[in-house]
Amino acid sequence: SQQGEEDPQALSIQEGENATMNCSYKTSINNLQWYRQNSGRGLVHLILIRSNEREKHSGRLRVTLDTSKKSSSLLITASRAADTASYFCATFTNFGNEKLTFGTGTRLTIIP
Amino acid sequence: EAQVTQNPRYLITVTGKKLTVTCSQNMNHEYMSWYRQDPGLGLRQIYYSMNVEVTDKGDVPEGYKVSRKEKRNFPLILESPSPNQTSLYFCASSFVGNYGYTFGSGTRLTVV
């Protein structure tokens, strides 16, 4: 079952611009994570934000989490061609059994 | 190098012919999981394992089996593959408590 839903499904921007992707989810979570996937390859973990955190930074990445609205956003600043990939949010719950549930992803294209 | 290794990368098989996709990790992770990725559906969890000899169903377990006899290995078994199991499969692992998954490079399976 899908927990996270990303918005938009696809995004094209010019190199150097900022890219923002949003994620909404349905149930309480322990943490929320963002992953990147280059075409057809394995997912790479980017950043994790815990349910008691509101904002987190890692390099050019900024993630926010609003648990009252059950939503998160991923901002990539000063985008580069190499950022072209699909981005997935994933919600982690640990109420009995651990579970990491992925959304359907945002396809980001950076135009050189 | 810390990694999750899946084999094979590509596999074409015929309906009903049993197959095994192997997954091995060298990070001493307790938690391992299998996902399938299909267009428009994102990643869906097939099975997971919290530790040796402990496995449980994910969201789409029908038609699959797993085993966890050793901590490092978590093979996915399709006893009688069918065309609707044509998909891109990923193995992932992490420490219990989840600080981010490490994914394998994927196995693209085609069942004809």
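The values are calculated or read from the model by the stated rules, or taken from the named source; none is laboratory data. The structure displayed is predicted, hence computed values, not measured ones. A quick note on method: Cβ atoms are made from the backbone with ideal geometry, for glycine too, and the neighbour counts reach across all protein chains shown. When the accessible area is computed, the model is the full protein with side chains, heavy atoms only, and any ligands, DNA or RNA have been set aside. Shrake-Rupley method; radii C 1.70, N 1.55, O 1.52, S 1.80 Å.
So here's what we get for this one:
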item	result
Threshold 20 Å² - residues in region A:82-112 whose accessible area is reduced by that much or more when the chain is no longer isolated, probe 1.4 Å	A:Phe88, A:Phe92, A:Asn97, A:Glu98, A:Lys99, A:Leu100, A:Phe102, A:Thr104
Computed Rg/Rh of region B:1-43, alpha carbon atoms with Kirkwood Rh	1.03
Apportionment of accessible area to carbon and sulfur, chain B, percent (1.4 Å)	51
Accessible area that becomes buried as B packs against A, both chains, 1.4 Å probe, Å², nearest 100	1800
Most mobile listed residue (B:Thr15, B:Thr102, B:Thr86) in chain B, GNM with C-alpha springs under 10 Å	B:Thr15
Rounded accessible area per residue of chain A, 1.4 Å, Å²	46
Alpha-carbon centroids, region A:1-43 and region A:48-112: separation in whole Å	5
Compactness index (Cα Rg / 2.2 N^0.38 Å), region A:20-65	1.22
Percent of alpha-carbon pairs separated by more than 23 Å within the protein assembly as shown	47
For region A:24-106: relative contact order, % (alpha-carbon pairs under 8 angstrom, 6 or more apart)	32
Fraction of accessible area attributable to carbon and sulfur, chain A (%, probe 1.4 Å)	44
Kirkwood Rh in Å, taken over all unlike Cα pairs in chain A	14.0
Amide H contacts of A:Asn30 (H built 1.01 Å from N, under 5 Å, at least 5 apart or other chain)	A:Phe92, A:Thr93, A:Asn94
Table column - 3J(HN,Hα) (Hz), region A:81-91, Karplus curve with 6.51, -1.76, 1.60, x for Gly and Pro	4, 5, 7, 4, 4, 9, 10, 10, 8, 9, 9
Chain B: proportion of alpha-carbon pairs further apart than 21 angstrom, %	29
In region B:8-41, the trypsin sites (Lys or Arg not before Pro) that fall in loop regions by DSSP, at most 15 other Cβ within 10 Å	B:Arg9, B:Lys17, B:Lys18
Cα-based convex hull, region B:21-82, per residue volume (Å³, whole number)	88
